[in-house]
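Participant: Sending over a structure as C-alpha cells; questions will come in a sec.
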Amino acid sequence: MGERSTRLARSRLFLFWKGHIVADKTSTPAYVAAREAAAHLSVSEVTIRRAIKAGQLPCVRIGRLVRISASDLETFAAARRTTRGA
C-alpha cells in the first residue's frame, strides 16, 4: 500500500493538496459563519446578527462576510447559561 493510500485509510479525514496535508477537517474551525453559529446554538440567524449589532457577540468582517470566533461563540453562550428554569 502506498503512502497516500495509507494516509487515506486513517480514521480522521484530511484535505489534501498536491500530496500535502492542508487542513484537518475533524478539528473545530477557528471561525464560523453566522448561519453555522445559529445552528450550533439552535437559534435563528437573525438572533446571532442582532447580538452582533448590539455588541454582545464580537465578530470579524471581511468585506460583506461575517465570521465569529469559535471561542467568542462559546463565551457568548456561557454568559447566558442559567441554572433556573426557562
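Participant: Could you give the nm distance between label points at A54 and T82, where each point is 7 Å from its Cα heading toward the beta carbon?
Facilitator: Result for the modelled spin labels: 1.3 nm.
Participant: Residues of segment 57-86 with amide nitrogen under 16 Å from the 7 Å Cα-to-Cβ point of H40?
Facilitator: 57-61, 66-81
Values quoted throughout were computed directly from the atomic coordinates according to the rules given, and no laboratory measurement underlies them. What you see is a predicted model; the values in this text were computed from it and never measured. Please note: Cβ atoms are built from the backbone with ideal geometry, for glycine as well, and neighbour counts cover all protein chains shown.
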